[in-house]
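Beneath this line is the structure, given in structure tokens, with notes to follow.
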Amino acid sequence: MCGLSVFVSSRPHAGVPDPASAAAFAAALDTMHHRGPDDTQVEFGDGLAFGFKRLAIVDVAESRQPAHYPADGPQAGRWTVVFNGEIYNYRELRADLIREHQATFATQGDTEVLAAAFHYWGAAALPRLRGMFAFVAYDHWTGTVHAVRDPFGIKPLYLLETADGLFIASERKALLPFSGDSGAALDTDALAHYLTLQYVPDPLTLHRHVRRLPPGHRMTWTPGGGQRLHRYFRPSLRPLNVRPDAAIHAIRDSLRDSVRKHLHAEVPVGAFLSSGVDSSAIVALAAEVKPDLHAFTAGFAHEGYSEIEIAQDTANQLGVRLTPTVVTEDDVIRELPRIVQLLDDPVADPSLVPLYFLAETASRYVTVVLSGEGSDELFGGYTIYREPMSLAGIERLPAGMKRGLRNLSKVIPEGVKGHSFLERGTTPIEERYYGNARIFSPAEKAELMRFTADPHTTITASLYAETADVDDVASMQYVDLHTWLPGDILAKADRMSMAHSLELRVPFLDQAVYAAAAGLPTELKLPAGNRTTKWALREAMRGIVPESVRDRRKLGFPTPTRLWLKGDIGDWIADLMDRSPTGHLLDLGYAQRLLADHRAGVADNSRKVWTVAMFCLWHAITVEKAIDPSPARPAVAAA
């Protein structure tokens with residue numbers, strides 16, 4: 001796993017950057033040192049700059065970047081490539097390239113194979129890649145930049161276009177020195193979406209001029225020609241009439257093959273293990289190949305907020321070594337500014353906090369970990385996906401009756417039994433579901449925000465239009481695959497692991513595993529008559545993971561945010577909001593009342609308060625420069 005940075009000038013024959021510009025580029029690259037501490041390379045050319053921070057995983061002795069291809073012949077050096085990620089089928093692709101094109105290679109790694117694939121096959125190479133990747137391929141013959149992000153958005157890629165040219169980097173912080181502006185460039189539409197979703201959705205960032213390349217897309221750019229976006233992959237779940245036994249075998253076989261491919265490395269490989277079937281499946285299948293597998297888990301000292309005991313029991317049954325991490329409130333206060341700074345944009349998912357410390361522990365023993373992200377979105381693992389079944393009776397009522405029930409829901413006070421059921425049952429799915437998280441409602445945002453912005457449904461409207469012919473469960477999964485998965489789940493996985501120079505791999509998000517999941521009908525994911533989720537996956541893991549785990553409900557890094565806000569962390573957040581100069585954006589008095597009610601036990605406002613607090617902390621670090629994100633107890637600068 002690595003960090004890349006690229007600049008291509010908009011002016012022909014711009015020449016080699018002057019020393020000050022070259023130093024600025026190198027300094028910006030150094031902000032991503034945690035992504036690749038093993039090697040740093042910077043190359044300058046005529047109006048070009050390529051920077052790379054390498055975490056050496058495969059072909060450790062060679063495969064340095066930037067890579068140039070071909071190495072010889074009439075087209076020698078036509079392509080320069082910088083690549084963050086792993087191509088798990090690169091050995092098969094290498095053989096294909098040699099057979100089809102007599103391609104030659106100077107290294108044994110996947111970077112050169114990727115460059116050769118793009119050289120010989122062009123964009124047609126992309127569907128053939130099994131892996132996670134964000135890369136830039138520059139064609140010196142045509143002056144064209146090709147920027148590509150993997151199908152599910154496992155690896156990030158940020159874009160900034162200015163009058164000087166195009167800047168690309170693995171993290172937004174490496175672009176900000178070249179943006180020519182400050183906090184005034186804050187994108188309020190992105191902030192509004194964050195307040196709903198707890199993350200900023202692609203392609204937006206909180207910086208108006210910096211955008212993320214969306215998953216499954218290729219962007220081409222030429223000086224004077226601007227950016228052109230090309231979509232090469234669109235994950236879609238279209239229920240088919242499949243036999244249960246065939247579906248189960250396909251899941252088992254594809255996941256086993258994926259795990260084996262994900263284990264390939266020249267450095268130590270471990271795995272994360274929690275209480276659920278996802279990580280247990282990965283660990284169990286990995287242990288078939290690697291009996292000495294080292295697993296890692298995390299928890300909190302608070303009762304009911306730890307998966308350590310369950311994970312230890314699973315590890316014992318699978319015969320793998322487990323190293324636990326216990327996170328304290330002092331740890332959180334000390335490291336929270338660093339965590340937020342690493343995210344580039346705030347992500348108000350509290351589970352990223354234990355993930356940060358889990359990755360820190362794992363990095364002391366291994367360089368690569370396998371993890372279970374992506375399973376819930378592909379196989380129907382979230383309990384919210386059962387909602388269409390629970391609301392089916394009310395949704396089938398005549399329109400007039402539903403209007404009456406809708407009016408009745410408005411009379412019932414919020415929090416009283418029946419209010420939520422009637423409200424959601426009489427609201428079309430397009431208006432009630434816009435992803436796994438829903439922090440502030442439109443009415444609450446109207447009270448909180450001091451600005452106007454695009455409505456939250458602008459993010460999901462096109463996704464629902466694309467799934468008009470499938471059932472509501474498949475639509476919900478489709479929404480999450482395109483929003484929640486890359487915006488929250490994969491963003492926190494990448495940033496919290498890379499913070500400690502740890503490569504995190506996700507075997508569920510493999511093209512073959514996706515193919516096995518894509519046609520599953522709803523009854524094989526969420527069978528009627530019980531509360532089981534991911535039924536087909538659980539059946540596929542029968543005899544592989546312990547029975548005590550196979551049917552257990554996933555806890556998903558339970559985080560005691562509710563309790564934190566009543567203790568020292570709550571005191572610190574109250575002070576943070578009291579001193580924050582973001583009052584022109586948010587009604588912080590409203591947020592402070594939410595915190596006061598929470599601490600008094602009037603209501604559980606933990607998610608709302610945490611979302612506002614993480615924005616205030618991000619603003620203090622990124623815009624105000626009032627908090628030092630180094631690992632030390634944060635001290636808010638005096639107003």
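Pick out, from the stretch 7-103, the strands (runs of 3 or more DSSP E) lying fully within it that include 2 or more residues that are touching a Leu at 6+ places or on another chain (Cβ under 7 Å) and under 29 Å from residue 127 (Cβ atoms).
Answer list for the stretch 7-103: 48-54, 79-87.
Per-residue answers, yes or no, for (1) surrounded by 16 or more Cβ atoms within 10 Å (Cβ to Cβ); (2) more than 29 Å from the chain's Cα centre (by Cα):
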| position | (1), (2) |
| --- | --- |
| 53 | yes, no |
| 72 | no, yes |
| 116 | yes, no |
| 123 | no, no |
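Per-residue answers, yes or no, for (1) over 25 Å from residue 294 (Cα atoms); (2) in a loop (DSSP other than H, G, I, E, B); (3) in the same structural domain as residue 194 (by TED's automatic domain parsing); (4) modelled with pLDDT of 95 or more:
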position	(1), (2), (3), (4)
336	yes, no, no, yes
342	yes, no, no, yes
346	yes, yes, no, yes
350	yes, yes, no, yes
358	no, no, no, yes
366	no, yes, no, yes
369	no, no, no, yes
376	no, no, no, yes
386	yes, no, no, no
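Give the stretch 163-202 a look and list any residue that's among the hydroxyl-bearing types (Ser, Thr, Tyr), more than 18 Å from the chain's Cα centre (by Cα) and modelled with pLDDT of 95 or more, or say none.
Across the stretch 163-202, the qualifying residue is only 188.
Quick check, is residue 43 surrounded by fewer than 20 Cβ atoms within 10 Å (Cβ to Cβ), within 31 Å of the chain's Cα centre (by Cα) and not hydrophobic (A, V, I, L, M, F, W, C)?
Yes; evaluated as a whole, the condition is true for this residue.
Can you pull out the residues in the stretch 578-596 that are small (Gly, Ala, Ser), free of Cβ contacts under 8 Å to residues at least 60 places away in the same chain and part of a helix (DSSP H, G or I)?
589, 596
Which residues, counting only those in the stretch 378-405, are under 23 Å from residue 534 (Cα atoms) and either charged (D, E, K, R) or in contact (Cβ under 8 Å) with a residue 40 or more places away in the chain (or both)?
Across the stretch 378-405, the qualifying residues are 378, 379, 380, 381, 382, 383, 384, 385, 386, 387, 388, 389.
Within the stretch 476-488, identify whether any single residue is part of a helix (DSSP H, G or I), free of Cβ contacts under 8 Å to residues at least 60 places away in the same chain and of a type in the set (S, T, N, Q), and answer yes or no.
So far as the stretch 476-488 goes, no, none of its residues is part of a helix (DSSP H, G or I), free of Cβ contacts under 8 Å to residues at least 60 places away in the same chain and of a type in the set (S, T, N, Q).
Select, from 396, 450, 424, the only residue that is farther than 25 Å from residue 375 by Cβ, of a type in the set (D, E, K, R) and touching a strand residue (DSSP E or B) at 6+ places or on another chain (Cβ under 7 Å).
Residue meeting the stated conditions: 450.
Among 11, 64, 35, 91, which is in the same structural domain as residue 111 (by TED's automatic domain parsing) and either of a type in the set (Val, Ile, Thr) or surrounded by 18 or more Cβ atoms within 10 Å (Cβ to Cβ) (or both)?
35
Take the residues of the stretch 244-266 that are in contact with a strand residue (DSSP E or B) (Cβ under 6 Å, 6 or more places away or on another chain) and part of a loop (DSSP other than H, G, I, E, B): which is surrounded by the most Cβ atoms within 10 Å (Cβ to Cβ)?
So, considering only residues that are in contact with a strand residue (DSSP E or B) (Cβ under 6 Å, 6 or more places away or on another chain) and part of a loop (DSSP other than H, G, I, E, B), the one surrounded by the most Cβ atoms within 10 Å (Cβ to Cβ) is 263.
Among (1) small (Gly, Ala, Ser); (2) more than 27 Å from the chain's Cα centre (by Cα); (3) at pLDDT 95 or above, there is one condition residue 5 misses while meeting the rest; what is its number?
That leaves (2) as the condition not met.
It is to be established whether one or more residues within the stretch 270-285 are surrounded by fewer than 16 Cβ atoms within 10 Å (Cβ to Cβ) and either assigned by TED's automatic domain parsing to the domain that holds residue 133 or touching a residue at least 60 places away in the same chain (Cβ under 8 Å) (or both).
Taking every residue of the stretch 270-285 in turn, none turns out to be surrounded by fewer than 16 Cβ atoms within 10 Å (Cβ to Cβ) and either assigned by TED's automatic domain parsing to the domain that holds residue 133 or touching a residue at least 60 places away in the same chain (Cβ under 8 Å) (or both).
Yes/no per residue for (1) more than 16 Å from residue 334 (Cα to Cα); (2) not basic (Lys, Arg):
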{"site": "565", "(1), (2)": "no, yes"}
{"site": "575", "(1), (2)": "no, yes"}
{"site": "579", "(1), (2)": "yes, no"}
{"site": "583", "(1), (2)": "yes, yes"}
{"site": "589", "(1), (2)": "yes, yes"}
{"site": "594", "(1), (2)": "yes, yes"}
{"site": "599", "(1), (2)": "yes, no"}
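The values are calculated or read from the model by the stated rules, or taken from the named source; none is laboratory data. Predicted, not measured: the structure shown is a model, and the values here were computed from it. Virtual Cβ from ideal backbone geometry, glycine too; neighbours counted across all protein chains shown.
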